[in-house]
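Written out below as structure tokens is the structure these notes cover.
The values are calculated or read from the model by the stated rules, or taken from the named source; none is laboratory data. Since this is a predicted model, take the numbers as computed values, not measurements. Cβ: placed from backbone, ideal geometry, glycine included. Neighbour counts: every protein chain shown. Remember, those area values only see protein heavy atoms, side chains included, never the ligands or the DNA or RNA. Shrake-Rupley method; radii C 1.70, N 1.55, O 1.52, S 1.80 Å.
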Amino acid sequence: MDYFENLIRLDRVAYFQAAKVDKVTPHPIAKNIELVEVLVGGKIFFNIDGEIKECRKGTIFWHIEGDYTLSNTDKNDPYRCMVFAFNVKMCKRPVPRVTYWEDLESLDKFTSEAVTCFHNKDFNRQIMGSYFYSQLYWQAYKSLRRPVGIEYPRSLCKAVKYIERYLESDLTVDDIAQEAGVSKPYLFALFQKHLNCSPHKYLTTCRLNRAKTMLSGTPQSIKEIASICGFESIECFYRSFKKHSGITPAAYRIKYSPYPRVLHD
């Protein structure tokens, strides 16, 4: 099913702040409506796979006909959410009901833009609806590799941010553990539990992903890219890249560069 062809129009975009109660009156989702609630603050308690879990900022709830809007919250920290309602031809949920917007900074920018654009009559509502729908769909789709309804431990978040910020440095697992404020064994346990990989594998994957971006879009040599992305030698880079991608960096550049005859070593 082509979910974008199923989209008819954007009905509304709104910000909702729950009252200071433990339960908000839920509303049924109407026929031919897909209603997406994205938490931007507070707490929601929601049944995920038969277990009530606490959900916070970034959680995406994709409702269709027969579902109800969010209800159970915390009167000491009531939920706030952005609501997107789309009119559709057929009610078929495009993603699991609960997913997650991982980059909270980009979520803030998106929600601010959404409200501003929706209330500006000069913008084409059809184009706007397609854009909002695709953004929500993409964020939900990306998060399918991550368990929803939970937050990563603060120490893991610190470790991940440290890795992503200093990819080009000669990072060691000891460095990462020290920055996260935990022991090396505990760091391994955190990564294995929440990311299903070791800290070293996560670091290598981040470096390779940056290398792919540079290979496809910059004229820098493969040797320069290997160094910028934190690999100790071009030989090490080639081995890791071939193992991860199935092709060499040079072949990847030819395959994905917009101008393969211009971008060359």
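Of the residues making up region 56-89, those that are basic (K, R) and touching a helix residue (DSSP H, G or I) at 6+ places or on another chain (Cβ under 8 Å) are K57, K89.
Mind listing whichever residues of region 89-123 are under 15 Å from Y137 (Cβ atoms), touching a Lys or Arg at 6+ places or on another chain (Cβ under 9 Å) and free of Cβ contacts under 8 Å to residues at least 60 places away in the same chain? Answer for region 89-123, where residues must be under 15 Å from Y137 (Cβ atoms), touching a Lys or Arg at 6+ places or on another chain (Cβ under 9 Å) and free of Cβ contacts under 8 Å to residues at least 60 places away in the same chain: V98, T99, Y100, E102. If only residues of region 226-264 that are under 22 Å from E164 (Cα atoms) and hydroxyl-bearing (S, T, Y) are counted, the one that is modelled with the lowest pLDDT is S245. In region 158-182, of all residues being under 21 Å from the mean Cα position of the chain (by Cα) and more than 14 Å from K193 (Cβ to Cβ), the one that is surrounded by the most Cβ atoms within 10 Å (Cβ to Cβ) corresponds to I163. Quick one: in region 98-124, of everything that is touching a Gly at 6+ places or on another chain (Cβ under 7 Å) and in a helix (DSSP H, G or I), which residue is most open to solvent (accessible area, probe 1.4 Å)? Selected residue: L104. One residue stands out in region 83-97 among those that are surrounded by fewer than 21 Cβ atoms within 10 Å (Cβ to Cβ) and within 19 Å of the chain's Cα centre (by Cα): the one that is nearest to D22 (Cα to Cα), namely V83. Restricted to helices (runs of 4 or more DSSP H) entirely inside region 125-228, those with at least 1 residues that are in contact with a strand residue (DSSP E or B) (Cβ under 9 Å, 6 or more places away or on another chain) and not β-branched (V, I, T) are 125-142.
Identify all residues within region 48-69 that are over 21 Å from the mean Cα position of the chain (by Cα) and either part of a strand (DSSP E or B) or in contact (Cβ under 8 Å) with a residue 12 or more places away in the chain (or both); write none if there are none. Once the filter is applied, which keeps residues that are over 21 Å from the mean Cα position of the chain (by Cα) and either part of a strand (DSSP E or B) or in contact (Cβ under 8 Å) with a residue 12 or more places away in the chain (or both), region 48-69 yields E51, I52, I64, E65, G66, D67, Y68, T69.
Considering region 185-220, and only residues there that are among the hydroxyl-bearing types (S, T, Y) and open to solvent by 80 Å² or more (accessible area, probe 1.4 Å), the residue that is modelled with the lowest pLDDT turns out to be T213.
Out of curiosity, is F61 buried (at least 18 other Cβ atoms within 10 Å of the Cβ), closer than 19 Å to A85 by Cα and not small (G, A, S)?
On the way: buried (at least 18 other Cβ atoms within 10 Å of the Cβ): yes; closer than 19 Å to A85 by Cα: yes; not small (G, A, S): yes.
The answer is yes for F61.
Only a single criterion out of (1) among the hydrophobic types (A, V, I, L, M, F, W, C); (2) more than 21 Å from E168 (Cα to Cα); (3) not in a helix (DSSP H, G or I) is not satisfied by I254, namely (3).
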